[in-house]
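What follows is calculated from the coordinates using simple rules that are stated; it is not laboratory data. These figures come from a predicted structure and were not determined experimentally. Neighbour counts are summed over all protein chains in view; Cβ atoms, including those assigned to glycine, are modelled from backbone coordinates with ideal geometry.
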Amino acid sequence: MARDIERCFLLLPGVGSVKQQRLFSAGVSSWQEFRSEKGLEALVPKVMSFDKWKRCCKLLDYAEEKLLLGDSSFFAGVLPRDEHWRLYEPFREETIFLDIETTGASRYDRINMIGISDGADVRTMLRGFNMDEELFLSQVKKAKLLVTFNGASFDIPFLKRSFPKAKHFIERIPHIDLRHLCARAGLKGGLKNIEREVGITRKNRTVERIFGGDPLLLWRTFIASGDDYYLQLLIEYNEEDTLNLRPLLEHCIRVLREK
């Protein structure tokens, strides 16, 4: 059975959503079918010329080779960003989920905490303790796919400013921003509201009850009091933010597959 990425033709030159739908309507729904005798008969000359079909076949051969080699960066350059979710299936084991907490939202603010997860466990980096550019770089270098919530406008710009050495690697990794993917799956609003809508429950509700779900207020309380209790609350809050990205991504993928 073809994987999600192998059912997408938007990486081909001159193929947008309308042209892709024409391919589907012609009975061609996978890379394998496109390159087969069935694809040739269905597409040439009704949908494209023979020469264009041959060029596209070569590009799909190349894309398949890149998949086998585990080269996700190739797809970051040819696949529309809102289709990066299709890369989760082949690169699931090398996907990292990221969430940061900051001192504020302006470009002059700083990162307080970074949660990095493989979907099962979380590694927490804390400013003033173990937040280190080389440590962060070592995590990013291993990744083939990056998942955030609202990361395109928040987490990623902060990370690139804070860790210049990692900028090149971050930009080469395909990135799934779940805020936009959730909208395509019919889920809108903040992360906590979306979690509730899809049935993801949080173990620790203290931050929502006492601090209104505001991690910055919790950080300031820790700084003012010096009480490690508040720091531990913030770490747990960030861990849940990070860990919940995986089930949310997998929910969105199930919805999009049915569309």
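Some points to look at:
- With the simple spin-label model, which puts each label point 7 Å out from Cα in the Cβ direction, the residue 138 to residue 49 separation comes to 5.4 nm.
- Extended-chain gain in nm, criterion 0.36 nm per residue less alpha-carbon gap, residue 40 and residue 183: 47.9 nm
- Over the chain: helical MRE at 222 nm, DSSP H runs n ≥ 4 each giving -39500 (n - 2.57), nearest 500: -15000 deg cm²/dmol
- The dipole here belongs to the chain: it is taken about the Cα centre, uses +1 on the Cβ of Lys and Arg and -1 on the Cβ of Asp and Glu, and is about 940 debye.
- Sparse-neighbour loop sites [chymotrypsin sites (Phe, Trp or Tyr not before Pro); the stretch 106-154; at most 11 other C-beta within 10 Å; DSSP]: 108, 129
- Only Lys, Arg, Asp and Glu carry charge here, each on its Cβ (+1 for the first two, -1 for the last two); on that basis the stretch 119-185 has a dipole of about 180 debye about its Cα centre.
- Virtual spin-label span in nm between residue 78 and residue 2, 7 Å along Cα→Cβ: 1.5 nm
- Rough spin-label spacing in nm, given labels placed 7 Å along Cα→Cβ, for residue 258 and residue 94: 3.2 nm
- Sorted by Cβ neighbour density within 10 Å, fewest at the top, the residues 9, 74: 74, 9
- Modelled label reach - residue 110, point 7 Å along Cα→Cβ, the stretch 165-189 residues with backbone N closer than 19 Å: 165-166
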